[in-house]
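Please treat every number below as a calculation from the coordinates, not as lab data. Because the structure is a prediction, the values reported are computed rather than measured. Using ideal geometry, Cβ is built from the backbone for each residue, glycine included, and neighbour counts are taken over all protein chains shown.
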């Protein structure tokens, strides 16, 4: 599955696709172990697809705009802070 198609999925469908990919990987591992298939390339592609899905899910978790509690809070106006004068440097002996 292409990355742009994964990004278009909603959260529920994405979770379903991740679970399905994990199930396919599990079954494929058994087929490889039993010698029923030689499709190591297909196994790599499945792993990459799953990784793409997990990446999109993590990006959505970290994106504050998609978080439900992401309401903007107005910052309080503060008075400007005066810079303190630096103490004169001590001369080294």
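What to note about this one:
- Rounded D (µm²/s) - segment 3-62, Kirkwood Rh over Cα pairs, Stokes-Einstein at 20 °C, 1.002 mPa s: 175
- Backbone N within segment 1-44 under 14 Å of label point (7 Å from residue 60 Cα along the Cβ vector): 4-20
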